[in-house]
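*Asks:* After the structure tokens below, expect a handful of questions from me.
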Amino acid sequence: MCPPRVKEEAPRNVNWQDLLPVSRRQRWAELTLPLPWLAASWALYASPFWPVGALASFMFFLCALRLNHEAIHGNLGLPRRADIALLHLLSALMIGSNSSIAWSHMQHHRHAMGPNDLEGHCGHMSAGEVLLYGPCFPLDLIQHCWQGGGRKWRRRMLCDGLAVAMAIGLILYSHQDFLLLHLAAMGAAQCLTAFFAVWITHQGTAQTGLAGRSQRGVLARLAYLMFYHREHHLFPKVPVSRLPDLAARLDDQVPGYAKSRQPVVPWFDRTT
């Protein structure tokens with residue numbers, strides 16, 4: 001599937017453990033991060049400006065991916081059962097199996113764009129190839145997790161499936177246009193996940209050996225810090241909200257780190 005590659009290792013001379021603690025205020029900020037965008041999308045879909053709701057849905061999906069990602073890595077300071085329950089809840093809102101994403105994402109960290117990394121193999125494609133592959137990506141993740149995750153992950157995916165089925169059933173039963181538009185937007189977002197969540201942060205890195213791409217500047221903030229992807233791969237236990245601090249330390253303290261960095265979108269990258 002993917003050629004073998006050398007995995008970039010985390011530098012050992014950088015202090016990062018002080019970035020791990022999450023306060024109660026920070027935890028609630030993370031847990032509620034997607035809600036304003038969800039409310040905005042529903043309000044726009046119910047208004048004469050309903051086409052603009054697609055932008056709000058995109059931002060909701062981005063923030064929900066960030067929250068889902070933090071739950072996968074246990075970076076919210078919650079009991080593990082609460083993390084799993086959050087994955088199920090987000091599955092219903094995002095209309096997809098987040099448990100399959102969780103299992104495949106941990107394999108992605110373990111195998112780092114190698115032959116056993118289903119998630120990361122999108123980074124070896126061209127932009128056109130990954131866009132065409134996008135609708136198959138969520139289904140492949142489900143199949144991959146079902147075959148390799150074992151009984152525990154199968155149970156979790158069945159819970160996801162039940163949550164998604166209930167959400168779709170309620171939406172269809174309600175006949176509410178704003179909910180039907182939300183359903184359509186989530187379907188489109190799921191088809192674009194391979195491009196926006198994987199390809200854009202990994203394309204071209206297989207040839208350099210970097211763990212991922214990393215953005216600086218305003219675009220990194222607009223993407224809710226999800227473009228600090230190299231730093232995340234090197235130190236996955238550091239919460240996303242602290243990745244800019246980690247990146248600054250790596251830039252300053254690790255020789256050659258800043259110079260070797262590949263931005264996600266070079267035109268909007270801050271290099272100074």
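The values are calculated or read from the model by the stated rules, or taken from the named source; none is laboratory data. Keep in mind the model is a prediction, meaning the values are calculated, not measured. Heads up, the Cβs are rebuilt from the backbone with ideal geometry, glycines too, and the neighbour counts pull from every protein chain shown.
*Asks:* Within the bounds of segment 164-180, is there any residue that is touching a Ser or Thr at 6+ places or on another chain (Cβ under 8 Å), more than 24 Å from Gly114 (Cβ to Cβ) and either part of a loop (DSSP other than H, G, I, E, B) or of a type outside the set (Phe, Trp, Tyr) (or both)?
*Replies:* Within segment 164-180, one or more residues are touching a Ser or Thr at 6+ places or on another chain (Cβ under 8 Å), more than 24 Å from Gly114 (Cβ to Cβ) and either part of a loop (DSSP other than H, G, I, E, B) or of a type outside the set (Phe, Trp, Tyr) (or both).
*Asks:* Also, quick follow-up: Can you list residue pairs whose Cβ atoms sit under 6 Å apart, with the first residue in segment 15-42 being closer than 18 Å to Phe60 by Cβ and surrounded by 12 or more Cβ atoms within 10 Å (Cβ to Cβ) and the second being at pLDDT 95 or above and among the β-branched types (Val, Ile, Thr)? Count only pairs 6 or more apart in sequence or on different chains.
*Replies:* Taking only residues 6 or more apart or on different chains, not a single pair turns up.
*Asks:* Among the residues of segment 249-264, are any under 28 Å from Arg24 (Cα atoms) and more than 16 Å from the chain's Cα centre (by Cα)?
*Replies:* yes
*Asks:* With the requirement that a residue be more than 20 Å from the chain's Cα centre (by Cα) and closer than 21 Å to Ser241 by Cβ, what does segment 20-64 give you?
*Replies:* Pro21, Ser23, Arg24, Arg25
*Asks:* Let me ask you something else. Of the conditions (1) within 23 Å of Phe195 (Cα to Cα); (2) at pLDDT 95 or above, Leu118 fails just one. Which one is it?
*Replies:* (2)
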